[in-house]
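Step one of this worksheet: look at the structure below.
The values are calculated or read from the model by the stated rules, or taken from the named source; none is laboratory data. Quantities reported herein were computed from a predicted structural model and do not represent experimental measurements. Every residue, glycine among them, receives a Cβ derived from its backbone with ideal geometry; neighbour counts consider all protein chains shown.
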Amino acid sequence: MSNQRENAVLVVGPGWVGDMVMAQSLFKTLKQQAPERAIDVVAPTWGQALLERMPEVRHTLTLPVAHGELGLLRRWRLGQALKSLRHRQAIVLPRSAKSALVPWLARIPHRTGYLGEQRYGLLNDIRPLDRERTYRTVDRFVSLAGFEGEKFGTGTIQDTPAPALISTTTQQEQTLGDLGIVRRFGTGTIVTLCPGAEYGPAKRWPAASFAALARHYLACGAAVWLLGASKDAEITRSIARDAPGALDLAGHTTLSQAIDLLAASTVVVTNDSGLMHIAAATPTQVIALYGSSDPEYTPPLSERARIIYHHLECSPCFARECPLGHLNCLRGISPDEVIRAIDHSASPIT
């Protein structure tokens, strides 16, 4: 216990689901360096469900502030509460000034992060970031695992440990039971479609294409689940309407249940989204569809993931909506192309 207290690390986690999944690669690296090291994570309220599926994390310390909100009093209270845990180091993954406040208020002696928003003083171990040499988000996170001022932030990380969320058969059966889902569909094959993407429409494959895919696999005798948040419900309703028999679960699951449903699936077809990263952190097969974003920047970190990306001249634009108004980067991906990708995988569906 004393070693844990002496080596304890506080990580200020990111504010996006996909980034929080990728942060597990950092947690794994910290544990590889020192297995006895305790890792605690400051996270948004939703992060509790995700982080409790990561065995590397000791405590999740929720900070209920919205994107862009200062929440100074809540940050001060959390900083005071953290003093008793005596963390030796804090690693701040977001690059905003406010994200560095809690470790500073907690008086954690070694505070590590990348330069951003003039965080001098709030951080005392500021790392340079070479965006070309360390391009992937996950590598930027893992680079901060170096202690005592080592400048790993300018190099490419090799053999990055992939995220792996816990989802046992018991947990999956519990989730299916709680949601009233019975495994009674033909072959027992489950195709889960994730048509949402919180960032914006430029990351969303057309609903009509998802519906065509759903109809194909329903005709094959597979179960088709539509998964997403409440804000995705309009999209999933249109898909379910055009593909009778598809089970629309958008907005009807917790994040913890979504993890189990993705882990229970045979294949997940998904936009570049938080659910894509969760699916990639389970043993399921993943087909990831990219348009406005770059699969080299935030790829699904799984050997069972296959990326479909057409490399158009205008891609990646990283825009929320297509600047040219045509969305050819995603409209050009046909349902037949996705079906071929699934059928040529290690676990073809027939």
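Among the residues of region 84-107, count how many are among the hydroxyl-bearing types (Ser, Thr, Tyr) and touching a residue at least 40 places away in the same chain (Cβ under 8 Å).
Count: 1.
Return only the number of the condition from (1) more than 16 Å from the chain's Cα centre (by Cα); (2) in a loop (DSSP other than H, G, I, E, B); (3) over 17 Å from residue 222 (Cβ atoms) that residue 237 does not satisfy.
(2) is the only condition that residue 237 fails.
Just a yes or no: is a residue in region 312-326 in contact with a Phe, Trp or Tyr (Cβ under 7 Å, 6 or more places away or on another chain), free of Cβ contacts under 8 Å to residues at least 40 places away in the same chain and of a type outside the set (A, V, I, L, M)?
No, that holds for no residue.
Taking region 184-216, which residues are touching a strand residue (DSSP E or B) at 6+ places or on another chain (Cβ under 6 Å) and either assigned to a loop (DSSP other than H, G, I, E, B) or outside the structural domain of residue 266 (by TED's automatic domain parsing) (or both)?
Selection gives 185, 197, 204, 205.
Take residue 145 and tell me if it is touching a strand residue (DSSP E or B) at 6+ places or on another chain (Cβ under 9 Å) and either at pLDDT 90 or above or outside the structural domain of residue 89 (by TED's automatic domain parsing) (or both).
Yes.
Which residue is farthest from residue 341 (Cα to Cα), if the candidates are limited to region 217-231 and must be in a helix (DSSP H, G or I) and in contact with a strand residue (DSSP E or B) (Cβ under 9 Å, 6 or more places away or on another chain)?
My answer is 218.
Going by the structure shown, is residue 282 hydroxyl-bearing (Ser, Thr, Tyr) and more than 25 Å from residue 135 (Cα to Cα)?
no
Name the residues in region 21-47 that are part of a helix (DSSP H, G or I), surrounded by 24 or more Cβ atoms within 10 Å (Cβ to Cβ) and more than 13 Å from the chain's Cα centre (by Cα), would you?
Residues satisfying the conditions are 26, 27.
Name the residue, out of 298, 253, that is assigned by TED's automatic domain parsing to the domain that holds residue 223, under 27 Å from residue 139 (Cβ atoms) and either in a strand (DSSP E or B) or not charged (D, E, K, R) (or both).
Only one candidate qualifies: 298.
Any chance you could count how many residues in region 21-38 are in contact with a strand residue (DSSP E or B) (Cβ under 8 Å, 6 or more places away or on another chain), hydrophobic (A, V, I, L, M, F, W, C) and within 17 Å of residue 143 (Cβ to Cβ)?
4
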